[in-house]
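The values are calculated or read from the model by the stated rules, or taken from the named source; none is laboratory data. Predicted model, so just to flag it, every value in this text is computed and none were measured. Ideal geometry is used to build each Cβ from the backbone, glycine not excepted, and the neighbour counts take in all protein chains shown. The area values use the complete protein model at the heavy-atom level, side chains included, leaving out ligands, DNA and RNA. Shrake-Rupley method; radii C 1.70, N 1.55, O 1.52, S 1.80 Å.
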Amino acid sequence: MAAYIQCFWGLFLSLSLYFIHSTPTPHVYIVYLGLNHIHDPTLTSKYHHKLLSNVFASEEDAKQSMLYSYKHSFSGFSAKLNSTQATALAKMEGVISVFRSKTLQLHTTRSWDFVGLTLDNNKVTPLQLAFGDDIVVGMFDTGIWPESESFWEEPRMKPIPSTWRGECVKGDRFDPKTNCNRKLIGARYYLKGFEEENGPLSMSGNPEYQSPRDFLGHGTHTASTAVGSIVKNASFFGLGLGTARGGAPRARLAVYKICWANEEFNSVCSEIDILAAFDDALHDGVHIISASFGPRPPMLPLFETSAGIGSFHAMQLGITVAFSAGNEGPDPSLVTNVAPWSISVAASSVDRMFRTQILVDNSLSIMGESFLPTEIKGKLTDPSMYFEHGVCNSDNYMNESKSAVGKVVVCFSTDGPTLIDQAVAAVKTANASGLIFVEPMTRQTADVEIVPTVYVNFEQGTQIKNYLFESPSLPRVRIIPTKTIIGKSPAPTVADFSSRGPSSLTPDILKPDVTAPGVSILAAWPHDTSPTLSPSDERRVRWNFQSGTSMSCPHVSGVAALIKSAHPRWSPSAIRSALITTAYTRDTTSDSILAGGSMKVADPFDIGAGHINPLKALDPGLVYEMKTSDYILFLCNIGYTQENIHKMVLPCPGVDTSCPKVPKSNTNINYPSITVSNLKSTMTIKRTVRNVGHKKNTIYFASIVKPDGVEVFIWPRALIFSWFNEENSYYVTLKPLKKSQGRYDFGEIVWLDGFHKVRSPLVVCVNTTDDSSDSIARTSSSI
């Protein structure tokens, strides 16, 4: 310790050469320094202040500039700097990265039965009740509504784990003495980044709570999805009626409020607040982190993002981090949160529909999707009566026209084009009684709206519009209250909004990793917040429907908590491997899962390895463990030097932090999936698996589905495990057989022992057309 401190004080004196006067255009920056080698939070903060003072006129100016000191499990700070100061800090010894703090976005019952975690004791042992007591799940979101029944203590819940070091922080309408319990054991909030970007939180003009209490509802929804207690008779005005619970209802909950509502009720998540939450959560003792937020593309380098830095250090401490994959689908290469040390989750549907019948003059019957608890009656009308050019947009509203009271307006998404939010706002402006929104069947996702809204596809919408045009007068329309239908629709189907691969940042790592339920998910909601967040919406609910990868992410977090509880010594990579290799790719009709936004079969860029299977993931048979050497290889490949890697990676006996002299691609990282983004000639890849099954003496045999135009060889074809040999390696040789450029093909490698099926997606892009005509032949002769 003394040697460290002496070294740092010497560094402070040498850094004085970098002194720079402040200029009047500061921004919020994050300065990342790697591991915390001092191991004393107070000394670490002093070091940060001293380092920062080298670019300010005085140490007092530096203290006023600093917003956060990240001083527990990693080292860094955030401060208001001008570009010159930031550049100077980036050049200083010991600094790994300096980057502008950005604002990130949130990626916003039946689902647990659908994935196999039923509470019906006649069907299966309720594993949700057998595990989780000893696991703490940290939710990074908009806070919590503590009065919700989802956060009441489960019966016979044990005392809070002795390893827990977190706390519940008092604030506006949040009293730790009454709001925290053996279920909700931690609650913090982080406001500095939000206020730097948006000004002071106005308690008069903004309904937000300056505390861990949730206003936006997103955090309450995701937390109850991941670890909510068992609550019977949960519904949204009778829709989706059933028993609500999280994936791990006995797990403990720690809330880190990092996202806030601005004046437009949009969520704002500041990176400096996110990194502060990571710093606290890692120190508090969480086991799982669920984070349903992310940046919009283009992607920045991983260590120039709060999510990349925070999740990297979480992984090193044995903490699994699950992220939402993003809601930028269905176009390719827009997946976010792509670090190989975390889990990226896509979103898909469950086998539950909310069918809503539309009757026009009692002669035309159309079945749409909606969340409509009461009947709607009115006159069917075309938008051209109220909006210029028939485009359902508030800007096109013809003020001189009559009010649309008593009318149900038919709006097509292709007119304009028009987004659903625009159409809802438009018909509300016109005071219409309802909206029939027409969009492609592959993009339909019903949502709770301020105006009663029914979603129909183009075939149905065309029938309605033709009937309307052929009617001599406005036809009468009657919309029957929605009915919940279970088990009648093929599921899962990938949501059209779910972000797709390949990763634009790490193309040799398959992302998303898996998919999980994320469409029309019913979960807890703040009692004082309307289901639509609209100030004019006077409805108040305890449960609400939401869709997004924000909803699928906590499903994986809940399952990860069960796995961690059942296997407390498993690393984050083992947990991720169990989820990936046991995922399935068939829907409830035993057909291939479809990709929403298209009519095609889903591929690994849509669903990763497939849909999560919690029961299988608890007993995966084999796991692919990523070791320190794998992460070092990855860091080398993204441009970090041995000196920087030494500052970032926890010391591990016998592990060399230097980069390999012969370059190796990220394909060689021991990831459960295999992705080759640029196969030009024959190459061989190594993978290592560990037997975690109950049978220590067992043999696994390989089965291969070859990607089109690629020969695949595996050696050995059998893996023999025993009490004395729990790890085995195998080699995969890929040989291109076709001329191709930029086209991905898909296959799989499966290891079978008669009980377990350990499946790895095989994703290959053959790039041979820029080679000479005989390149493939030459490669073949050299094998």
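Remarks
- Cα centroid separation, the range 25-50 to the range 259-317 (Å): 17
- In summary, the aspartates and glutamates within cross-link reach of K428, defined as a Cα separation below 12 angstrom excluding same-chain residues under 8 places away, comprise E449, D537.
- Highest average first, the peptides 404-413, 250-259 ordered by how many other beta carbon atoms sit within 10 Å of their residues are 250-259, 404-413.
- Under a model in which nothing but the beta-carbon of Lys, Arg (+1) and Asp, Glu (-1) is charged, the range 477-595 shows a dipole of about 280 debye around its Cα centre.
- Cα gyration tensor shape for the range 470-566, rounded if a/c is under 1.5, else prolate or oblate: prolate
- When both the range 329-364 and the range 368-433 are represented by their alpha-carbon centers, they are found 24 Å apart.
- Ordering S571, H527, H555 by the projection of their Cα atoms onto the charge dipole of the range 520-574, which places +1 on the Cβ of Lys and Arg and -1 on the Cβ of Asp and Glu, puts S571 at the extreme positive end.
- Exceedance of the 22 Å cut-off in Cα-Cα distance is limited, within the set K680/K738; K483/K600; K680/K706; K564/K686, to K483/K600; K564/K686.
- Counting DSSP beta bridges with both ends in the chain, the antiparallel % (nearest 5): 65
- Cβ-based charge dipole, the range 559-650, positive-most Cα from N644, G608, T582: N644
- Relative to the current alpha-carbon distance between K488 and N233, full extension at 0.36 nm per residue lengthens the span by 89.6 nm.
- A dipole drawn for the chain from +1 and -1 charges on Cβ atoms has a positive end, and of V137, Q357, Y32 the residue lying farthest that way is V137.
- For the pair V405 and D528, the difference between a 0.36 nm per residue extended length and the Cα-Cα distance amounts to 41.5 nm.
- About its Cα centre, the chain has a charge dipole of approximately 1820 debye under the convention of +1 per Lys or Arg Cβ and -1 per Asp or Glu Cβ, with nothing else charged.
- The Cβ shell under 15 Å around D508 holds other residues with a net charge of +3, Lys and Arg each +1, Asp and Glu each -1.
- A Förster distance of 22 Å, applied to the separation of the beta-carbon atoms of V705 and D591, puts the FRET efficiency at 0.85.
- Förster radius 56 Å - calculated FRET efficiency between R569 and Q64 (Cβ-Cβ, nearest 0.05): 0.75
- Carbon plus sulfur fraction of accessible area for the chain, probe 1.4 Å, in percent: 52
- Label-point separation, T628 to E459 (7 Å along Cα→Cβ), nm: 6.0
- Selection of GluC sites (Glu not before Pro), the range 369-432, meeting DSSP coil and at most 16 other Cβ within 10 Å: E375, E400
- Note on S536 and H39: the model spin-label points, each 7 Å out from Cα along the C-beta direction, lie 6.2 nm apart.
- Pairwise centroid distance, computed over Cα atoms, of the range 152-222 with the range 691-733, Å: 47
- Here the spin labels are modelled as points 7 Å beyond Cα on the Cα-Cβ line, and at L317 and T684 they lie 4.1 nm apart.
- Average accessible surface for the chain: 39 Å² per residue, computed with a 1.4 Å probe over protein heavy atoms with every protein chain in place.
- Of K91/K627; K511/K735; K170/K511, pairs whose Cα-Cα distance is over 28 Å: K91/K627; K170/K511
- Potential lengthening of the chain between F469 and R173 amounts to 101.1 nm, from the contour at 0.36 nm per residue minus the alpha-carbon distance.
- Once mean projected area of the Cα convex hull in nm² is calculated for the structure shown, the corresponding label among (i) 33.6; (ii) 37.7; (iii) 42.2 turns out to be (ii).
- Alpha-carbon Rg with Dmax, taken over the range 610-728, Å: 16.9, 43
- Efficiency of FRET from Cβ geometry, K739 and C652, R₀ 41 Å, rounded to 0.05: 0.40
- Size of electric dipole in the range 27-99: Cβ of Lys, Arg +1 and of Asp, Glu -1, about Cα centre, debye, nearest 20: 80
- Entry note, the chain: the mean residue ellipticity at 222 nm calculated from DSSP H runs of n ≥ 4, each adding -39500 (n - 2.57), is -6500 deg cm²/dmol after division by the residues and rounding to the nearest 500.
- Working value for the range 27-99: equivalent-ellipsoid semi-axes of 18, 13, 10 Å, each the square root of 5 times a Cα gyration tensor eigenvalue, largest first.
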